[in-house]
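Let me begin by presenting the structure, written as structure tokens, before commenting on it.
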Amino acid sequence: MTQHRDVRLGAPARYRWVVLGVATFTQAASGFFVQGIGAMGVHLQRDLHVGAAELGLLLSAAQLVPLAGLLVAGELLDRYDERWVVGIGACVVAVSLVAGSVAPGYAALLVVLLVVGAGYSTVQPGGSKSVASWFDASQRGLAMGVRQAGLPLGGVVAAAVLPAVAAGSGWRASLLVGGLVALAGAVAFMGLYRRPPAPGLLGEGRSPVPGPPEAAGSGGGETSLGARLRMLREPAMVRILLSGACLVSVHSGIGVLTVLHLHEVASVEAGAAALVLVAVQGAGAAGRVCLAAWSDRAGFGRYACVLVCMVAVTAGMVALMTPLGRSPVAACLLFVWLGFFGIGWYGPWVAHLAESAPSARTGFALGLAMAVTQVAVILAPPALGLLRDVTGGFGAAWGLLSAMTAVAVAVTARGGGFRRRASS
């Protein structure tokens, strides 16, 4: 009878979907404001008197602290309950955005986004680990894809809402809205998330990613930071990180350049261009679910799905440099294509990483991989914006991204992923 009264023991097969739902919502809510920066590009450039490079730097500011914060978050997730690690991080995002609604200008907004990034450091790996621990390998790809769809789903709503808020009430009001949304995500996760029950209670054959070991400090040298960082020396891990770095750069390019390209090159009105970005983010959310679900069933493995995404985005970006990129209809369709593959790749990629990582260090492995790829997240937006400002066009940015991705395909197609070690 107690199994029907304890949320962790009663109907665990059903409660895993509650966990998935709340993790997805918290992901969307925490990234809501940052995902809307690109859609507000025209308004921010006008009100803050900045160029494309400075606009890209706003995105980089939100990603700078996670470069180290993801490693810290991964370690915390291996020691403490995800409920509090993720929830407190989402609260930091909320408080900083609400406080930032009185920011006096561009420099203060940069500082606010630095703090936002510190809080968000726990949400990405924490949400991934919480979902991975509740689902076995047969459904993990689909579940991780749904959860990872939270980021572009937040972007869909942000691209639809924040430009209107900024136009009607000023860019500071958009921070207040973003802070309240992030607070809702924090409350939901802390209120609803629970750790999974024992593997046997999850159903026959279930094999969730293990939670924090009871003796996290045991094991001598194997638990030292240096021992854990040795994961970076595995050739197959390098392949995963290389593909991730290229594809997050593509994602950054889509976020910061889509509206500007459509407005300046394809002569699409600013409001309509922002709506196209809504469709692009929606395509990305669909891609994260569909591609991850495909990776659950594909006989050639999850990493092959990532390779397909890299080939697809290379083709799409090359097409943007042709006359198709100047046609309003064709350009819009190409950006939707790029959204599906250039945002959707993350579903199978993170599912592959989560189930391949050392079993007792899932949180650290997720944080480590995300921290390494974070370098590209930080550098790509201002670099691509600077290319746009210096060259006066978008061809150099799309050309650089397509060349990088093509090289990554050539290098990483020769191997896929790394296998879980028996002990590490």
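What to note about this one:
- Within region 102-113, residues that are over 13 Å from Leu59 (Cα atoms) sit with their Cβ atoms under 6 Å from residues that are of a type outside the set (Val, Ile, Thr) and modelled with pLDDT of 85 or more, at 6+ positions apart or across chains, in these pairs: Ala103/Leu109.
- Single residue of region 276-308 satisfying the filter (surrounded by 24 or more Cβ atoms within 10 Å (Cβ to Cβ) and among the basic types (Lys, Arg)) that is nearest to Leu353 (Cα to Cα): Arg302
- Checking Arg230, Arg206, Arg195 one by one, the residue that is surrounded by 19 or more Cβ atoms within 10 Å (Cβ to Cβ) and either at pLDDT below 85 or over 26 Å from Trp345 (Cβ atoms) (or both) is Arg206 and no other.
- Considering Val375, Val311, the condition of being in a helix (DSSP H, G or I), surrounded by fewer than 18 Cβ atoms within 10 Å (Cβ to Cβ) and at pLDDT below 90 is satisfied by Val375 alone.
- When residues of region 395-416 are limited to those that are buried (at least 22 other Cβ atoms within 10 Å of the Cβ) and of a type outside the set (S, T, N, Q), the one modelled with the lowest pLDDT: Ala408
- One residue from Ser130, Ser138 being assigned to a helix (DSSP H, G or I) and surrounded by 23 or more Cβ atoms within 10 Å (Cβ to Cβ): Ser130
- Scanning region 163-176 for residues that are in a helix (DSSP H, G or I) and touching a residue at least 24 places away in the same chain (Cβ under 8 Å) yields a count of 9.
- Some residue of region 33-49 being over 19 Å from Gly271 (Cα atoms) and crowded, with 24+ Cβ neighbours inside 10 Å: no
- Once region 59-97 is narrowed to residues that are touching a Phe, Trp or Tyr at 6+ places or on another chain (Cβ under 8 Å) and within 30 Å of His261 (Cβ to Cβ), the residue that is surrounded by the most Cβ atoms within 10 Å (Cβ to Cβ) is Val93.
- Residues of region 108-160 satisfying the condition of being β-branched (Val, Ile, Thr) and closer than 26 Å to Thr258 by Cβ: Val112, Val116, Val123, Val146, Val156, Val157
- Counting only helices (runs of 4 or more DSSP H) that sit completely within region 4-108, those holding 1 or more residues that are at pLDDT below 80 correspond to 12-30, 41-48, 52-64, 66-77.
- Only listed residue being within 17 Å of Thr405 (Cβ to Cβ), touching a residue at least 12 places away in the same chain (Cβ under 8 Å) and in a helix (DSSP H, G or I), chosen from Ala354, Ala319: Ala319
- Of the residues contained in region 14-22, one or more are found to be touching a helix residue (DSSP H, G or I) at 6+ places or on another chain (Cβ under 7 Å) and surrounded by fewer than 18 Cβ atoms within 10 Å (Cβ to Cβ).
- Checked against the criterion of being over 18 Å from Thr26 (Cα atoms) and surrounded by fewer than 17 Cβ atoms within 10 Å (Cβ to Cβ), the candidates Gly105, Gly100 yield just one match: Gly105.
The values are calculated or read from the model by the stated rules, or taken from the named source; none is laboratory data. As the structure is a prediction and not an experimental result, all values here were calculated from the model. Glycine also receives a Cβ, built like all others from the backbone with ideal geometry; neighbour counts cover every protein chain displayed.
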